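Bear in mind these aren't lab numbers, they're just calculated from the coordinates by the rules spelled out. No experiment lies behind these values; they were computed from the predicted model shown. Cβ coordinates were reconstructed from backbone atoms using ideal geometry, including for glycine residues, and neighbour counts include every protein chain displayed.
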Amino acid sequence: MTASFYPPERTLMGPGPSDLNPRVLAALSRPTIGHLDPEFIRMMDEVKSLLQYAFQSKNAVTFPVSAPGSAGMECCFVNLVEPGDKVIVCQNGVFGGRMKENVERCGGTAIMVLDEWGAPVDPGKAEDALKANPDAKILAFVQAETSTGAESDVKTLVELAHRYDCLTIVDAVTALGGTPVKVDEWGVDAIYSGTQKCLSAPPGIAPVSFGDRAVDAIKARKTKVQSWFLDLQLVLSYWGGEGKRAYHHTAPINQLYALHEALVILQEEGLEAAWARHALNHQALRAGFEAMGLSFVVAEPYRLPQLNAVSVPEGVDEAKVRSAMLCEYSLEIGAGLGTMAGKIWRIGLMGHASNQRNVLLCLGAMDAVLGSMGAPIERGVAVAAANAVYAA
Ligand SMILES: *Cc1c(COP(=O)(O)O)cnc(C)c1O
């Protein structure tokens with residue numbers, strides 16, 4: 001007989017998923033009800049307005065896709081890109097590369113604007129591509145590149161795109177809840193996120209929001225959306241207008257309870273307070289690492305507080321460090337991806353996991369693990385440096 005599965009208790013400080021608030025875990029275990037039950041529909045309407053708050057948007061088409069962040073990405077691309085469309089994709093890490101894949105699988109042409117990994121998207125280069133491709137329909141980019149920890153300037157890039165008559169698709173998977181995302185103020189046309197990063201809900205749901213211009217472009221399509229599941233016109237028969245719900249697919253009921261609870265917690269704290277908390281804990285972690293002698297990959301003005309990419313010191317086996325952190329401290333941190341594999345650690349301070357206890361635990365554990373390996377670090381100073389930030 002196979003026994004029940006009981007996961008170990010971890011502290012999740014990788015690139016996602018992040019730790020769940022116990023209130024969110026409790027919400028998951030509430031009784032499952034029908035997805036057309038009037039009480040469930042009432043909760044869905046609340047999820048919609050809570051997401052509008054999180055996205056800072058009045059967009060009527062704001063709802064959670066029943067699949068992970070990657071499906072949120074796919075939902076934006078399959079609905080907006082028709083065969084033959086030209087899309088300018090700015091890539092400065094792993095996730096921009098996935099946008100290119102999406103464009104091509106939709107039968108579109110991706111014009112790539114490449115920036116160095118660890119740098120933000122360069123608006124100058126994006127403008128050159130917009131000038132050189134007057135027939136482009138969409139400009140797509142990632143706000144918070146989780147593979148490197150760099151943040152790009154959404155407001156500037158959206159303004160540019162609109163000046164050249166392009167729609168915008170923005171990846172806010174890691175941004176939402178951790179750093180400002182202002183969909184209406186910035187004029188973003190289509191945006192997607194995920195639940196398991198700074199919203200601290202379980203993985204597997206993708207909040208999306210579409211503005212009027214994007215909805216008009218979808219309504220003007222000449223071809224059918226190639227994905228049945230993600231076709232917005234069909235999904236909205238379930239998530240659309242108040243009261244009238246038609247069966248499209250069975251919503252992940254309990255996961256949506258959890259998302260609802262996570263968004264209620266976010267609203268209680270307030271977006272500005274959540275952003276400030278992420279910034280403070282990042283400053284404390286940073287002070288600790290710098291005191292230790294470790295350096296950050298991303299230049300200061302573009303650093304994400306929720307995703308800290310730290311260079312691995314010379315001669316240190318980064319995988320051994322991660323495995324010691326996990327085995328000895330039950331603490332998960334992330335590895336580098338792609339060209340950064342082996343060279344960096346990615347330390348998340350996302351959502352519920354962005355707190356003083358985790359910062360001090362991580363610094364103390366890194367100090368002990370790196371010290372025991374004889375790594376070239378300043379020992380015994382990191383925790384004090386972080387505490388000085390909290391005391392200031
Ligand atoms: C995590 C992430 C995704 C994908 O989300 P999943 O839930 O893993 O599918 C997409 N974009 C960015 C920037 C991410 O960090």
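Annotations
- Out-of-range pairs (alpha-carbon distance over 20 Å; input 86/131; 320/343; 137/222; 155/219; 137/224; 155/197): 155/219; 155/197
- When 73, 340 are arranged by Cβ crowding within 10 Å, least crowded first, meaning fewest neighbours, the order is 340, 73.
- Separation in nanometres of the label points that stand 7 Å from Cα toward Cβ, at residue 320 and residue 155: 4.7
- Farthest toward positive dipole pole in region 271-391 [+1 Lys/Arg, -1 Asp/Glu at C-beta], among 315, 385, 355: 355
- Candidates 120, 90, 60 compared by Cα position along the dipole of region 22-267: farthest toward the positive end lies 60, with charges placed on Cβ.
- Dipole in debye (nearest 20) - the chain, about Cα centre, beta carbon charges: Lys, Arg +1; Asp, Glu -1: 560
- Sorted on the mean count of surrounding Cβ atoms within 10 Å across their residues, most packed first, peptides 186-197, 255-266 read 186-197, 255-266.
- Reachable aspartates and glutamates from residue 182, criterion Cα separation under 17 angstrom, eight or more residues apart if same chain: 151, 153, 159, 171, 212, 272
- For the chain, the relative contact order comes to 23 percent (Cα pairs under 8 Å, sequence separation of at least 6).
- Were the residues from residue 58 through residue 356 laid out at 0.36 nm apart, the gain over their Cα-Cα distance would be 103.9 nm.
- Proximal aspartates and glutamates to residue 48, defined as alpha-carbon separation beneath 16 angstrom and excluding residues fewer than eight positions away on the same chain: 39, 184, 242, 261
- Only beta bridges with both residues in the chain are counted; by DSSP, about 50 percent of them are antiparallel.
- Anisotropy class of the chain from Cα gyration tensor, a/c 1.5 cut: oblate
- The protection proxy used here, the mean number of other Cβ atoms lying within 10 Å of each residue, ranks peptides 30-42, 378-390 as follows, highest first: 378-390, 30-42.
- A cut-off under 15 angstrom between Cβ atoms defines the neighbours of residue 171, and their net charge, with Lys, Arg +1 and Asp, Glu -1, is -4.
- Ranked 179, 339, 62, criterion: other C-beta atoms within 10 Å, fewest first: 339, 179, 62
- Here the sum of -39500 (n - 2.57) over DSSP H runs of 4 or more residues, divided by the residues of the chain, equals -13000 deg cm²/dmol at 222 nm, to the nearest 500.
- Taking 0.36 nm per residue of separation and subtracting the Cα-Cα distance, full extension of the segment from residue 39 to residue 3 would add 9.4 nm.
- Treating r as the C-beta distance of residue 30 and residue 220 and R0 as 41 Å, the FRET efficiency rounds to 0.45.
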